[in-house]
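In what follows, a structure is listed as structure tokens, so that the remarks can point back to it.
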Amino acid sequence: MNFDLQEKDFTGDIQLARLADSIGYDDLRESQDCLISVQYNEIDLGGTAYGFNQEFKGNEANQYFERMNAFSEMSINNIIDEGFRSWHFYRTSIKGNIKKVFDSINPKIAKANPMIFHFALDPECKVIADRAKGNRNARIYFMVGYNGMIHPIFFDPYHELNPL
């Protein structure tokens with residue numbers, strides 16, 4: 001059996017993904033099978049209208065950390081394969097509103113086509129999100145990185161980035 005070992009395999013260093021990186025298919029496939037860990041190097045802290053500098057309302061912060069805690073015991077493939085669609089956990093295409101936001105950060109992001117997923121903070125919420133009315137139905141967007149890392153990027157309290 002042949003192994004393709006790299007420096008990170010010996011040093012324990014895990015390569016951090018960047019939004020404009022083009023991560024290879026094999027790395028993404030492998031990463032989806034690893035237990036999730038969270039890395040915040042690409043988080044939007046206010047560069048766009050969907051940064052995490054927005055106010056979390058009600059129990060949204062608790063829901064965020066509850067979800068991150070649950071994710072840390074699973075892989076992305078576990079979440080998908082074991083029917084956790086009830087968490088409103090879906091892959092997000094880079095088109096429409098989310099592409100516009102990525103383009104405002106760096107036009108190279110859409111070309112790199114990172115693997116982006118989103119989930120609802122409260123999947124039981126039946127409210128139709130509407131910024132003008134103040135109705136929230138928040139989503140969190142993250143990028144898949146290397147070795148099971150997920151990189152939270154956006155907080156979308158009004159479900160505007162990928163509304164369909």
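The values are calculated or read from the model by the stated rules, or taken from the named source; none is laboratory data. Quick caveat: nothing in here was measured; it's all calculated off a predicted structure. Note that each Cβ is placed from the backbone with ideal geometry, even for glycine, and that neighbours are counted across all protein chains shown.
Residue check: Glu82 meets all listed conditions (1) surrounded by fewer than 15 Cβ atoms within 10 Å (Cβ to Cβ); (2) at pLDDT 90 or above but one, namely (2). Listed by first and then second residue, the pairs with beta-carbon distance under 7 Å, at least 6 apart or on different chains, first residue in region 133-155 and more than 19 Å from Asn77 (Cβ to Cβ), second charged (D, E, K, R) and not in a strand (DSSP E or B), are Arg136/Lys57; Ala138/Glu60; Ile153/Glu42; Ile153/Asp44; Phe154/Asp44.
So, in region 138-153, exactly how many residues are aromatic (Phe, Trp, Tyr) and crowded, with 21+ Cβ neighbours inside 10 Å?
Counting residues in region 138-153 that are aromatic (Phe, Trp, Tyr) and crowded, with 21+ Cβ neighbours inside 10 Å gives 2.
Within region 85-100, take every residue that is in contact with a strand residue (DSSP E or B) (Cβ under 7 Å, 6 or more places away or on another chain) and closer than 23 Å to Leu45 by Cβ and give me the one that is surrounded by the most Cβ atoms within 10 Å (Cβ to Cβ). It comes out as Ile98. Listed by position, the helices (runs of 4 or more DSSP H) enclosed by region 54-164 that each have at least 3 residues that are more than 25 Å from Gln15 (Cα to Cα) are 60-71, 96-105. Quick check on region 71-83. Is at least one of its residues touching a residue at least 24 places away in the same chain (Cβ under 8 Å), touching a strand residue (DSSP E or B) at 6+ places or on another chain (Cβ under 6 Å) and under 23 Å from Asp21 (Cα atoms)? No, region 71-83 contains no residue that is touching a residue at least 24 places away in the same chain (Cβ under 8 Å), touching a strand residue (DSSP E or B) at 6+ places or on another chain (Cβ under 6 Å) and under 23 Å from Asp21 (Cα atoms).
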